[in-house]
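Working notes, beginning with the structure itself.
The values are calculated or read from the model by the stated rules, or taken from the named source; none is laboratory data. Quantities reported herein were computed from a predicted structural model and do not represent experimental measurements. Cβ sites come from the backbone with ideal geometry, for glycine too, and all protein chains shown count toward neighbours. Note: areas computed on protein heavy atoms with side chains; ligands, DNA, RNA excluded. Shrake-Rupley method; radii C 1.70, N 1.55, O 1.52, S 1.80 Å.
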Amino acid sequence: MLLYLIRHGDAETPATRDDDRTLSKKGIRITAAMARLLKDADFDVPEIIITSPLPRAEQTAQIMHEEFALNAKFEVNDGLRPGASLEGAMSIVASKKEYDVVMLAGHDPLFSRLASVLVSGEDRPVIEMKKSAVALFELTRFDVPRMRGVLRAFLPPKLV
């Protein structure tokens, strides 16, 4: 399985609750450019996109869906909310074994932790997922909590 992780784009700061924050114009622009880069570079297209329910992550996932993976299934999952557990995120991935290419859209620090654990096996910072960054892994082990993968691509937002 190929697994994409995309951290949500830059979000508007004023909001009554953190859960209500939406993407800023910059976040929309950079995320859309990242999606076009993936498409133009002929990256494998996700069959399913799974996102946190928070607006900024869901908008990020929608941009990826519209610009890069129009035919992908789309799923919202509470297990990708801020503060979610590493094992919970891994369990979401493990439950999607029927797909060859999966994309998760969510938040930090979870996504930096997950990316780091996938390549190093240790919960220590190895990969930093900046806003709108994309990491692509080829998973080699699916059991939770020892899920592992090989980093095939890392696209920081500065590329776009």
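Some notes on this structure:
- Vicinal HN-Hα couplings computed from phi for the stretch 54-63 (Karplus, 6.51 cos²θ - 1.76 cosθ + 1.60; Hz; Gly/Pro x): 5, x, 5, 6, 5, 5, 4, 5, 5, 4
- Under the combined filter of DSSP loop state and at most 16 neighbouring Cβ atoms within 10 Å, the stretch 1-105 retains these GluC sites (Glu not before Pro): GLU12, GLU98.
- Cross-link pairs LYS26/LYS97; LYS97/LYS158; LYS73/LYS158; LYS25/LYS130; LYS26/LYS96 - those with Cα-Cα distance over 26 Å: LYS26/LYS97; LYS97/LYS158; LYS73/LYS158; LYS26/LYS96
- Computed accessible area, HIS8, all protein chains, 1.4 angstrom probe, square angstrom: 10
- With θ taken as phi - 60° and the Karplus curve 6.51 cos²θ - 1.76 cosθ + 1.60 applied, the whole-hertz 3J(HN,Hα) list for the stretch 67-73 is 9, 10, 9, 4, 8, 6, 5 Hz, x standing for glycine and proline.
- Residue-by-residue Karplus 3J(HN,Hα) for the stretch 86-91, coefficients 6.51, -1.76, 1.60, Hz, glycine and proline x: 4, 5, x, 5, 4, 5
- Contour minus Cα-Cα distance for PHE74 and GLU12 (0.36 nm per residue): 19.9 nm
- Given +1 at the Cβ of Lys and Arg, -1 at the Cβ of Asp and Glu and no other charges, the dipole of the chain around its Cα centre is 400 debye to the nearest 20.
- Within the chain, antiparallel bridges make up roughly 50 percent of the DSSP beta bridges whose residues both belong there.
- Listed values (1) 0.94; (2) 1.00; (3) 1.07, entry calculated as Cα Rg over 2.2 N^0.38 Å: (1)
- Whole-number accessible area per residue in Å² for the chain, which is evaluated in the context of all protein chains at 1.4 Å: 47
- MRE, 222 nm, helices only [DSSP H, n ≥ 4, -39500 (n - 2.57), over the chain, to nearest 500]: -9500 deg cm²/dmol
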